[in-house]
Amino acid sequence: MVSATWALPRLVVAAPASGHGKTTVATGLLAALRRRGLTVSPHKVGPDYIDPGYHALAAGRPGRNLDPFLVGPERIVALLRHGASVPTPADIAVVEGVMGLHDGAVGRRDFASTAHVARLIDAPVVLVLDTTAQGRSAAALTLGMAAFDPAVRIGGVILNRVGSPRHETLLRDALAEVGVPVLGAVTRAAEVAAPARHLGLVPVAERAPESVAIVTALAELVEATVDLDAVLDLARSAPPLTTPAWDPITAVGGPAGVERPRVALAGGPAFTFSYAETAELLTAAGADVVTVDPLRDPALPAGTRAVVIGGGFPEAYAEALAGNGTLRAELADFDGPVVAECAGLLYLGRTLDGVPMCGRLDLTARMTGRLTLGYREATAVTDSPVARAGDPVRGHEFHRTTTDPGHGERPAWRWNGTDHGFVAGRVHASYLHTHWAGHPAAARRLVEACR
C-alpha cells in the first residue's frame, strides 16, 4: 500500500523545442530502468497518444497523460499518483514533456506546458539538448532555460547528437562553467529513430515486433550513454507527494446501477488513441469493458450495450476496415449508444477517401493537406450519451481530414461560435478528443444510457 505521503522518485524529461530527442531519451530511460529491476511509471505531458504507447511498451504498464488543460491543474498530482500506483506502486516515475519546456497553450503563457507540470508535481527536469552545430552556446541555452523560470529546477542535461569525443568534451566543459551536470551523451551515429507519419510516430500497435526491437535498442543506447545512477539520485531528490491519488470510483460517484452493461472500446492498429482512464472510469461506473478490433473482429462482443470508438489512423487502414463488412453492418444498425472521436467519426460516415465505411452517419470524409491542431473549450449543443446540452468541456483537435457536412442538424459541440460534430439518435461523434478524467460524468452518463 502507498501511504498518504509518498516520496515517489520522479523526473521530467524536457527540451528547448520539439525534435531534440525527448521521446528517444524518455523511452530509453523507462526501458533501461526496468531492465535494472525497477518498477517504472510512464507519463506524458499533453494530449499525445502515440508516445505513451512506446512508454507502455518500455515500462510494461500503461502510459498515462498529464494535461492541465484537459483535466485541470488540480488533478495532475492525483493522476500522477494514481498512474504510479496501478497496478502496483512504482519505484520511479518518468514524465516526458511536450514541445519546448516553456511552451504552453496558445494565449495562456505557460499553462499546460512541461514547465507547468514540472512545477505542479515538484519534479526536477532533465534537459535533452540537440547539440548539432552547437558548442559553448549549449551552456548559454541551458542557463537561459533555467533562469526563465527559477521555480523549474533543471537538474541535469543529456547531450544528444554529439558529433565526436572532442565535441563532447567541449560541451561538458561549457556546462561545467554554469554548474549544470551532464548526465549522458548520445552520439549521432548511435541515435535510434522510430518511423514517423503525418501526425507523428507510427503507433506501437501498428508494428509490434519492430516496436519491441526499437525499445530494446533504446534501452541499450541509454545504458551505454547515460549515467543511470545519477538519474536515479536526481529523481530521488524530489520531495514527498501529499495529494491523495485520483480514484475513478470516487470520480464517477460509484456504479450507476446493479447490472453491468457491456461497453466495447475500439482498439487494434486502426484505433490506438485512448486514455487509460476511459476504461477505468467506465468500469468504476459499473460497466463491463471489453475491446473490439474493427480490423479483425467480425462482430461486436456478445452482449455489447454501448460502443466507444476513439482516435487513430483509419485513413491508413481504410481498405481493411471496408473489408470487414459484417462489423460495419452491425455498427450501422446497432441500437445502443455510440461515442466516437475523430477516427471514430470518420469510421461511422459513409465513405473515407471514397472507401466505404459504416454508413451510420450521413457524411463523407477525406484527407487534406491541412493540419487542424489545438486545444478547444467547447459547450455541448445537444443532449447525448456523454453530455447534457450546455455542459462545458475541454478537448483538443488533431487531424488532417475534413467531413462534408462539417456538422449535423443536431451538433455535438460548439466552440468559437461554430457548431461541430453530430448527434444522431444515440450516436455522439465529433473531431474533439476529450479526457474523461476531466469530466467523469461522461462515463457515468454513458453507462446510464445503456439501460
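When only Cα pairs under 8 Å and 6 or more residues apart are kept, what is the percent relative contact order across the chain?
The value is 14 percent.
Could you point to the residue in A270, G303, F313 farthest towards the positive end of region 254-317's charge dipole, with +1 and -1 charges on the Cβ of Lys/Arg and Asp/Glu respectively?
G303
Hull surface divided by four, with the convex hull built on the Cα atoms of region 271-422: how many nm²?
Taking a quarter of the hull surface, the average projection is 8.9 nm².
How many percent of the accessible area of region 341-443 is carbon or sulfur, using a 1.4 Å probe?
Ligands and nucleic acids excluded, carbon and sulfur give 47 percent.
Treating each Cα of region 250-313 as an identical point scatterer and ignoring solvent, apply the Debye formula and state log10 I(q)/I(0) at q = 0.13, 0.14, 0.15 Å⁻¹.
Result of the Debye calculation: -0.35, -0.41, -0.46.
Give me the Kirkwood hydrodynamic radius of region 67-175 in Å, from all C-alpha pairs, to one decimal place?
15.5 Å
Once both labels are modelled 7 Å past Cα along the beta-carbon direction, what's the T351-S18 spacing in nm?
3.2 nm
Rounded to whole Å, give me the distance from the Cα center of region 95-134 to that of region 231-260.
23 Å
Rg/Rh for the chain: what does it come to with C-alpha atoms and Rh from Kirkwood?
We get a ratio of 0.98 for the chain.
Rounded to the nearest whole Å², what accessible area per residue is found for the chain with the 1.4 Å probe?
Spelled out: the 1.4 Å probe surface of the chain, per residue, equals 38 Å².
For the chain, take the longest principal axis of its alpha carbons; what is the angle in degrees between that and the long axis of helix 76-85, to the nearest 10 within 0 to 90?
Helix 76-85 sits at roughly 90 degrees to that axis.
May I ask you to list the chymotrypsin sites (Phe, Trp or Tyr not before Pro) in region 255-310 that are in a DSSP loop and have at most 16 other Cβ atoms within 10 Å of their Cβ?
Passing both the DSSP loop test and the Cβ count: no residue.
So, with a 1.4 angstrom probe, what is the percent of accessible area on region 56-127 that is carbon and sulfur?
Here carbon and sulfur together make up 54 percent of the probe-accessible area.
Ignoring any ligand, DNA or RNA, what whole percent of the accessible area of region 204-266 comes from carbon and sulfur when the probe is 1.4 angstrom?
57 percent
How far apart, in nm, are the 7 Å Cα→Cβ label points at R136 and T5?
Inter-label distance under the simple model: 4.6 nm.
Would you compute, from DSSP H runs of 4+ residues alone, the mean residue ellipticity of the chain at 222 nm, taking -39500 (n - 2.57) per run and dividing by the full residue count, rounded to the nearest 500?
Computed ellipticity for the chain at 222 nm equals -9000 deg cm²/dmol.
Starting from the Cα-Cα distance between T326 and D122, subtract it from 0.36 nm times their residue separation and give me the gain in nm to one decimal.
That pair, T326 and D122, stretches by 68.3 nm at full extension.
Check which residues have an amide H placed less than 5 Å from V292's amide H, if you skip close sequence neighbours.
Amide H to amide H, under 5 Å and 5 or more residues apart or across chains, V292 pairs with L265, A266, G267.
The values are calculated or read from the model by the stated rules, or taken from the named source; none is laboratory data. All of these numbers come straight from a predicted model, not from anything done at the bench. Virtual Cβ from ideal backbone geometry, glycine too; neighbours counted across all protein chains shown. Ligands, DNA and RNA are excluded from the accessible area calculation, which covers all protein heavy atoms including side chains. Shrake-Rupley method; radii C 1.70, N 1.55, O 1.52, S 1.80 Å.
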